[in-house]
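Down below is the structure, laid out as structure tokens.
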Amino acid sequence: MFPRRRDNLTKRLKPADVAHPHRGCAPAIGRAGLTLVELTLATAITSMLSVVLGGLILAVQTAREHTEGLQDAVTFAQATTGRIRTMVAEAGVYQMTGTETTLGLAVISHTGSSVELPDTLVIWSGGRNGGLAAAGVQQRFPRLDELIVYTPSPTDPSRLVEVAFPGNSSSIDFRASDFASTILSLLPTSAAESILICDRVRTSVSADGTAAGGSGNVSHVRFELEQTPGDADLTAAVPGTDAWNALPWAQGIVSADSGFRQATLRIEIQIEPRTDRPAGGDLTPIAVPFFGSASYRYVYQP
């Protein structure tokens, strides 16, 4: 046996000669980034999504503001008409010797060359706490400190205020010819104590510049008072006659010298949903009209 020579049978392999496990395979292809066309398309799509989302956000915000404005307008209208109805129910009645029964309720108009604004309501309620309705028919004239007046503010027609005249015990007659002028002259004075009722009343420019305080703006508040039977009917009919009995007395209640008379007050107030965007401009909300009414019944004697 001849010894086997290891150097002839086995070669020393150098590290460089060792085959790499991936040698002979194609190298992996990597992406360095997006092409210009892809970037342009991505930018365009992102811009379109931004525009759409911005429009949706704006629409949601506008709808929320509109809804909140309407809720505020309804709240103001309900509070205003509710307060007026409460004070009408507290109105008093008086009758002086030799005169007819008079209800302490009147509507006064601001008049101009071409407009008439029945925007002032006067109630003889006994003051802000009321109470005259329960006192029965009074045999005296009302006092100024017992009156409550609802009217646009003399300095800002968009504000409806409740005015009282505390400390002024002067008498006033609702049937007097100077009743309206007396009340209007007292409103802008320091003797008038005002409380804000609503600050969102719609205003517009008067055709002849006639408005409360001479501002030229008209407040969209309207009062209408109707008494049934009317004054003309009562003047024409003689008590105790068929014509007297045929008058439209409330619930048909009438006697030879008296009858059940009804006063109906109608209220209209236009309220802005938002104070920062008054009606009349471009892309602005339109004021919402609200209507209310109150009635009062009393025994009338000529």
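The values are calculated or read from the model by the stated rules, or taken from the named source; none is laboratory data. These numbers were taken from a predicted model, which means no experiment stands behind them. FYI the Cβ positions are ideal-geometry reconstructions off the backbone, even for glycines, and counts take in every protein chain you see.
Values as computed for the structure displayed
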quantity	calculated
Residues satisfying the stated conditions in region 203-231, i.e. among the β-branched types (Val, Ile, Thr), within 22 Å of the chain's Cα centre (by Cα) and modelled with pLDDT of 90 or more	Val221
Flag for Leu132 being under 19 Å from Leu225 (Cβ atoms), buried (at least 19 other Cβ atoms within 10 Å of the Cβ), in contact with a Gly (Cβ under 7 Å, 6 or more places away or on another chain) and not aromatic (Phe, Trp, Tyr)	yes
Residue within region 76-97 that is at pLDDT 50 or above, farther than 26 Å from Thr264 by Cα and part of a helix (DSSP H, G or I) present	no
Residue count, region 65-87 (criterion: more than 10 Å from the chain's Cα centre (by Cα) and either more than 14 Å from Val161 (Cβ to Cβ) or without any contact (Cβ under 8 Å) to a residue 60 or more places away in the chain (or both))	8
Qualifying residue in region 46-59 (condition: touching a residue at least 12 places away in the same chain (Cβ under 8 Å) and either loosely packed, with under 12 Cβ neighbours inside 10 Å or more than 27 Å from Glu224 (Cβ to Cβ) (or both))	no
Candidate set: region 165-209, residues that are touching a Ser or Thr at 6+ places or on another chain (Cβ under 7 Å) and surrounded by fewer than 14 Cβ atoms within 10 Å (Cβ to Cβ); chosen: the one farthest from Val221 (Cα to Cα)	Arg175
Selected residue [basic (Lys, Arg), under 30 Å from Leu187 (Cβ atoms) and modelled with pLDDT under 95] from Arg200, Arg261	Arg200
Options Leu247, Leu234; residue that is touching a Pro at 6+ places or on another chain (Cβ under 6 Å), farther than 27 Å from Ile84 by Cα and surrounded by 15 or more Cβ atoms within 10 Å (Cβ to Cβ)	Leu247
